[in-house]
Structure formats: structure tokens, C-alpha cells
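I have placed the structure first, in the form of C-alpha cells, so that the comments after it can refer back to it.
The values are calculated or read from the model by the stated rules, or taken from the named source; none is laboratory data. The structure displayed is predicted, hence computed values, not measured ones. Every residue, glycine among them, receives a Cβ derived from its backbone with ideal geometry; neighbour counts consider all protein chains shown. In case anyone asks, the SASA skips ligands and DNA or RNA and just uses the protein heavy atoms, side chains included. Shrake-Rupley method; radii C 1.70, N 1.55, O 1.52, S 1.80 Å.
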Amino acid sequence: MLTAMQPLAIGFFLVLVRCTSLFMVAPIFAARGVPSLVRMGFSVPVTVAVFMGAGAPSFAAWQQPSALISAVAMEVIVGVGAGLAARFAIEAALAAGSAISLAAGVSFGSMIDPIHGAESTSLGDLLSFLAMLVALANGLHREAIMWLCRSVRETPPGSDFSVATIATRVVSDGAAAMALSVRLAFPVLAAVTLGHLGLGLINRAAPQFNLSNIGFTVALVAGCGAFYLVAPAAAALVAQEARTAFAGR
């Protein structure tokens, strides 16, 4: 009886490894304010539901240590790879906000971001936090759990995975996130550039006004005004990209 239960126990353990790896890097679950023990504790009931819903997949090669170690490593790679795809999209909002802060001239007062644990700018934190809230409202956490259910059902523990395919997809998602950050920051950077260009033309036409002294104010007003108009749509776009990262896998 005990021998018959061991393949099921190992299968459950492998699903738990995949689930925990996902929760350690995926947005919302991997928030810095959530302790690691809480994430691991939350992954247990989710794993039970996913494992039972997938038909309780077992691991036949549980008696082979090399096969077990390889399976654990692959489960970690699969979970982390899926979580990074969505995390890159959220990080794109932080990168875009940092670029906007630099262009608008509000990057002088950096601070420690409690979410990422690193020094960041106020607009970067604001856009990233807004994108996280919109993603939560749109059900990003549900998409992550749905992906976990699909992946366990379609590729049970111990299945053959292509590490090259997963690595290629992670690199592709990272490149897409970089392009997304440029798209998010472009309208605000364009507004700041046009503000400086207009100020330069006016100063050129009427140099007696000496408008060069208010260049910082123009950048600040143009940048923050454009950010106010763009931020809601940018956060919605980031949230949609994060959900697509799970839905399209």
C-alpha cells in the first residue's frame, strides 16, 4: 500500500515545486510585502486543488534518483519561466516610469521602493503600483492559477520539457517587455521634447524674454501633464500584457 502511494506522493511534490516556483516570481504573489513562508503556505492548498483537478498525476520513475532530480529541476524551470513572463510586463511599467521621471526632471529625489526593494523614482513606483492594481482587478492571479491547472493537465510531472524552448521564450518575453516600456514612455517623452522645442523656438524668435530659465518648469509641467493623461491607459496595457503572458502559454 505504501509503495503504491509513493508515486502519487512524488507527483504531488513535483506539482508543489512547480506551484511554489511560480508564486516566488509571479506578480502579486511575489510582492515584497508578502513573506516567503506565506507564499509557500498559500501554494499548498492551491497545489492540492490543482493536483486533484488534474487527475492526481503520479511519477513513475520515483525510484530513480537521477530522474527525480531532473524532474525537480524542470519543474522549477517551468514555474519560474511562466512567472517571469508576467513579471517582465509589470517591470516594464517601472522602467517606463523611471524614464519619464528622468525626462520630466523629477528623478532627483529617488527613494527605496518597498515593492521591488531597490532605489526607484516616484513616477516609476506610481505607474508600477497602478499597473499592479489594474492587473489584480482584471484577475491576473486567477490567470496564473488557471495556467497552473492547464500546465499540470497537459504536461504532468516528469514530462519531457525543452529547456531551450523555455529559455528562448523567456528571452523573447524580456525583449517584448523592453519594447513595451519604450511604448509606454514615448508619449510623455514626446510631450517633454515638444515642450522644449516650443520653448526654444520662442526663445529664438524673442530672445529678449530670456525663457531659457524656465526650461525645467516646462519639462515638469509637460511631463507630469502627459503622464496624468497616459497613466491609466498605460496601466491597463501593462495589465493586459501580464494576463496574456499566462493566457497565451
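Structural remarks
- Rounded accessible area of Phe13 (nearest 10 Å², 1.4 Å probe): 90
- Note on Ala190 and Met52: the model spin-label points, each 7 Å out from Cα along the C-beta direction, lie 5.3 nm apart.
- Anisotropy class of segment 20-97 from Cα gyration tensor, a/c 1.5 cut: prolate
- In the complete set of protein chains, residue-level accessible area for Met40 is approximately 90 Å², probe 1.4 angstrom.
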